[in-house]
Amino acid sequence: GNPFTVVGVLPREFPGGVAGNRTEFYVPMSAQPRLLSSWSLTAPDRWFVRLMARKEPGVSETQVQSALNVAFTRETETLMKEPKMLLSNGQNGVSYRRNTYRQPLLLLLGIVGVVILVACANLAGLLLARGAVREHEYAVRAAVGAGRWRLVRQSLTESVLLSLVGGALGILVAVWGKTVIARLLAGSLDDFHFSTSLDLAVLGFTLGTALLTALLSGLLAALRAGRSDPLAGLKERASLGAPHLRMGKALVVAQVALSVLLLAGAGLYVRTLVNLARINPGFATENLLLFRVSPRTAGYRGFKSVGFYDRAQQSLAAIPGVRSVTLMQNPLLAGSMSGGSFFALPGQPSGSEPHAHKHTVSETFFATMGIPVLLGRELRASDSESAPKVVVVNQAFAREHFPETNPIGQTLKTKGDSAGWQIVGVCQDAKYTGIKDKIPPTVYFSFRQDAISFACFAVRTALPPPAIVPSVRKAVAEVDPLVPLAGITTQQAMRDRSIAQERLFASLCGALAFLAVLLSCIGLYGLMAYNVARRTNEIGIRMALGATRRNVAGPIVGEAMVLGALGIAIGVPAALALTRFIKSQLYGVAPTDPATLAITAVLLLAVAVIAAWIPARRAARVDPMVALRCE
């Protein structure tokens, strides 16, 4: 109803000064009374208004703090005991959810660090095995004059080259993978803005990590190459016997132990996600379209909005494919609520005011949402402004305040209300603010008796909800074209958004744990394959003397299981000690859940057997005559 001239367009990626506000256009604060004349942002009690300032060069925060405190104290010394201003860094804007994601993201960064450690151990083990194979080559180089530093430099150069190539390929994978992560983040609450762009800091960190990985993983192999003995290295391999590979085995054990940590954490996140997905919210979420309207922007004030809501409900109900329509003050599972209200109940001690959540709805709310009324009746269209005031309460309210009394006919009073509201029905419990939150005592008011300036419509359809959006827009516009639709979504999407963080971390932790297990499997396979290759002569002799295939393959698989068991024995206590740090992020599962740890142990033992089976099978098929001639 107010004309504005567009004078500028902001970049698409700009999230706004306050993250999560879904801001689509900005107007000067001086124009605010034209939009909401009865609600002033400049009133003295609007404490949520944030002030943002850019400091001049050379001005310290202490100077700014002192100047603001003086001005603020002068204005508020009669209202506050010790008035002062609080300064905070505004370079990332204001976010009410940054702290919610801060700890999990730091934890995720730690998980990435564990995967890097597994990769370092894996690469170090493979380079050690490769270096042992090349002992003869190093001995020849040392015999013809190559110095120790030259051999060390050659080994480090090869490992650095491998790591840089791997880092470059990793960046290519990241370019693709960040698209997947962005899709996971897109379902976050309140359109929380994440930056997934690759910048110089990220690329520099990746390059530094790749170089550090190369140095750490290649150092042992390089030092071993530098200690090559020309005399021993030039002898035949048969005379050297089978190597012990103690360092390689220790690295495999370390990889398995780290994998236990990651798998246990991923298992807990996955079980949390499964538990949340199985929660019954107490109402039907399928085929339910949601959108918000604010008729006060079109001039509807107080009970004048009732007529608009009534006509809008009738217009929406006439759309083909619509089964039922209702309105509510706040959408369910959106993280929002009325803030709660204090009530006075009969028989309550003086001074005690029971607290309950308040929800203003239409008479079709319970039928449309699929919430059965267990006692009494539902709200009715006849419950108008002039009729006796009535409410419906949920089971939680009845259990808490009327444990041994029938609540039907009881009266509750709000502040400043002498007549009170009569309880005419008790409905089944249903989730209100979020899927993870406990169901609070809730009182349902009729919008015809409790005027609301904004509302959320819920439209139950026989068709996919997005298919009727154009018809819904047209139906509301026919009632009043000055009332726009906002926040169009579905109830199922709202539910999915309420567990977006759990889905994000279950997906990312699961992927990282899978990567760590895969690296451990490759490391164990490489060690066993190298061991079999070095012991070909020994295996040939044993089979020539009558050893069966089982006698040959059994010890190889057994050795892999021992290494896996040692890693599990180290990793399980570490997991028990560290998973307690994610206790606050879990739902329906303890951080020390024995089932998760048992599944983790069994899975890693199975991986160890699979990794060793191929080398063991190859060893069991060795031809004794070929093996004895391999030297």
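Here are a few things to note about the model shown:
- Considering A19, A43, the condition of being modelled with pLDDT under 80, hydrophobic (A, V, I, L, M, F, W, C), loosely packed, with under 11 Cβ neighbours inside 10 Å and closer than 30 Å to Y300 by Cα is satisfied by A43 alone.
- Residue within region 100-109 that is surrounded by 10 or more Cβ atoms within 10 Å (Cβ to Cβ), among the aromatic types (F, W, Y) and without any contact (Cβ under 8 Å) to a residue 60 or more places away in the chain present: no
- Residues satisfying the stated conditions in region 54-86, i.e. open to solvent by less than 100 Å² (accessible area, probe 1.4 Å) and of a type in the set (A, V, I, L, M, F, W, C): V59, V64, A67, L68, V70, A71, F72, M80, M85
- Conditions (1) open to solvent by 30 Å² or more (accessible area, probe 1.4 Å); (2) of a type in the set (V, I, T); (3) under 22 Å from the mean Cα position of the chain (by Cα); number of the one not met by V562: (3)
- Complete set of residues in region 276-313 that are within 15 Å of F365 (Cα to Cα), assigned to a helix (DSSP H, G or I) and in contact with a helix residue (DSSP H, G or I) (Cβ under 9 Å, 6 or more places away or on another chain): Y309, A312
Here is a yes/no grid of residues against (1) open to solvent by 10 Å² or more (accessible area, probe 1.4 Å); (2) basic (K, R); (3) touching a Cys at 6+ places or on another chain (Cβ under 9 Å); (4) in contact (Cβ under 8 Å) with a residue 24 or more places away in the chain:
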position: F366; (1), (2), (3), (4): no, no, yes, yes
position: V373; (1), (2), (3), (4): yes, no, yes, yes
position: A381; (1), (2), (3), (4): yes, no, no, yes
position: N394; (1), (2), (3), (4): no, no, yes, yes
position: I408; (1), (2), (3), (4): yes, no, no, yes
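- Filtered residues of region 287-341 (kept if aromatic (F, W, Y) and either over 22 Å from E385 (Cβ atoms) or under 28 Å from the mean Cα position of the chain (by Cα) (or both)): F291
- For region 414-431, the tally of residues that are aliphatic (A, V, I, L, M) and either closer than 14 Å to P388 by Cα or at pLDDT below 90 (or both) stands at 3.
- Filter pass, L117 being closer than 30 Å to L216 by Cα and modelled with pLDDT of 80 or more: yes
- Top-ranked residue in region 447-471 [being among the hydrophobic types (A, V, I, L, M, F, W, C) and over 21 Å from G370 (Cα atoms); ranked as surrounded by the fewest Cβ atoms within 10 Å (Cβ to Cβ)]: A467
Yes or no, residue by residue, for (1) in contact (Cβ under 8 Å) with a residue 60 or more places away in the chain; (2) out of contact with any Asp or Glu (no Cβ under 9 Å at 6 or more places or on another chain); (3) in a loop (DSSP other than H, G, I, E, B); (4) open to solvent by 30 Å² or more (accessible area, probe 1.4 Å):
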| site | (1), (2), (3), (4) |
| --- | --- |
| I568 | yes, yes, no, no |
| A590 | no, yes, yes, yes |
| A598 | no, yes, no, yes |
| L604 | yes, yes, no, no |
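- Filter result (surrounded by fewer than 21 Cβ atoms within 10 Å (Cβ to Cβ) and in contact with a Phe, Trp or Tyr (Cβ under 8 Å, 6 or more places away or on another chain)) within region 502-527: G510
- For region 325-335, residues that are open to solvent by less than 40 Å² (accessible area, probe 1.4 Å) and either outside any strand (DSSP E or B) or out of contact with any helix residue (DSSP H, G or I) (no Cβ under 7 Å at 6 or more places or on another chain) (or both) total 6.
The values are calculated or read from the model by the stated rules, or taken from the named source; none is laboratory data. Because the structure is predicted, anything quoted here is derived from the model rather than measured. Note that we place each Cβ from the backbone using ideal geometry, even for glycine, and neighbour counts take in every protein chain shown. Just the protein is used for accessible areas: all its heavy atoms, side chains included, with ligands, DNA and RNA removed. Shrake-Rupley method; radii C 1.70, N 1.55, O 1.52, S 1.80 Å.
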